[in-house]
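Take a look at the structure below.
Nothing in this text is a laboratory measurement; each read-out follows from the coordinates by a stated rule. None of these values were measured; they are calculated from a predicted model. Don't worry about glycine lacking a Cβ; one is built from the backbone with ideal geometry, like all the others, and counts go over all protein chains shown.
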Amino acid sequence: MKLVFATGNKGKLSEVRKIFENTSYEILSKENFDSFPDVIEDRETFEENAIKKAKEIFEFSGIPAIADDSGLIVDQLNGAPGVYSARYAGENCTYDDNNNKLLQELSAFPEPHNAAFVCYAAYYDGDLILVVRGELKGMIISEKTGDQGFGYDPVFIPDGSKNTLAQYSAEEKNKISHRGKAFESLKKILSKMEL
Ligand code: IMP
């Protein structure tokens, strides 16, 4: 069974491929197509963006599509960067630019800087829409640590851990992460429904 994952993010693709490893689902993505639409994430919520991505990629490929929209929510910043997590420091910014901006904004507040990663994962097959949510709570630290993962991983310590997410292997991260939880739920629902 083929599913097309609507992403151009290699970090996310390898995480989601690991989750669907050893199942009957084969995860296709941008690399499997000559052209692949870049879906504009212009909705106001993670949920709406995830559904939009799954729908556009299904319409493009004709193959059942999965998509996610995820980001970081920081309590002291009233939920920022939220849906703007990917471009917090501006269009075409790097992960490092985003981390620097986050640490700069948080330097005005006392520790701990409580935060959570959230992920909405959507499925669309031309008929049925499914959406599930996963969350990982933790805090932001002021020194970037570790070289695994992507995005805000080097400054995020999950609750109950001493390490940043950038010090976790992909497999360890999948077990606890917002995306891991969301796509594990989606995988269970899809196989239960025999989709
Ligand atoms: P999107 O889901 O592709 O819109 O991007 C979400 C953005 O949130 C990414 O570019 C990262 O900056 C951030 N993000 C989402 N998930 C993670 C994660 O697992 N680790 C670190 N940063 C993440």
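Here are the numbers for the structure shown:
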item: Inter-probe distance in nm under a simple model that places probes 7 Å from Cα toward Cβ, at GLN104 and SER161; result: 2.7
item: Under 17 Å from LYS10, Cα to Cα: lysines that are on another chain or at least 8 residues apart; result: LYS18, LYS30, LYS53, LYS173
item: Helical contribution to [θ] at 222 nm, DSSP H n ≥ 4, -39,500 (n - 2.57), averaged over the chain, rounded to 500; result: -9500 deg cm²/dmol
item: Cross-link pairs LYS144/LYS187; LYS137/LYS188; LYS2/LYS192; LYS55/LYS192; LYS52/LYS175 - those with Cα-Cα distance over 25 Å; result: LYS144/LYS187; LYS52/LYS175
item: Linear extension gain, ALA170 paired with ASP75, 0.36 nm per residue minus alpha-carbon span; result: 31.6 nm
item: Over the range 2-193 - Rg/Rh using Cα atoms and the Kirkwood inverse-distance radius; result: 0.97
item: Percent antiparallel among DSSP beta bridges (both partners in the chain, rounded to 5); result: 85
item: Compactness index (Cα Rg / 2.2 N^0.38 Å), the range 87-143; result: 1.57
item: Between the range 96-133 and the range 161-195, the alpha-carbon center distance in angstrom; result: 15
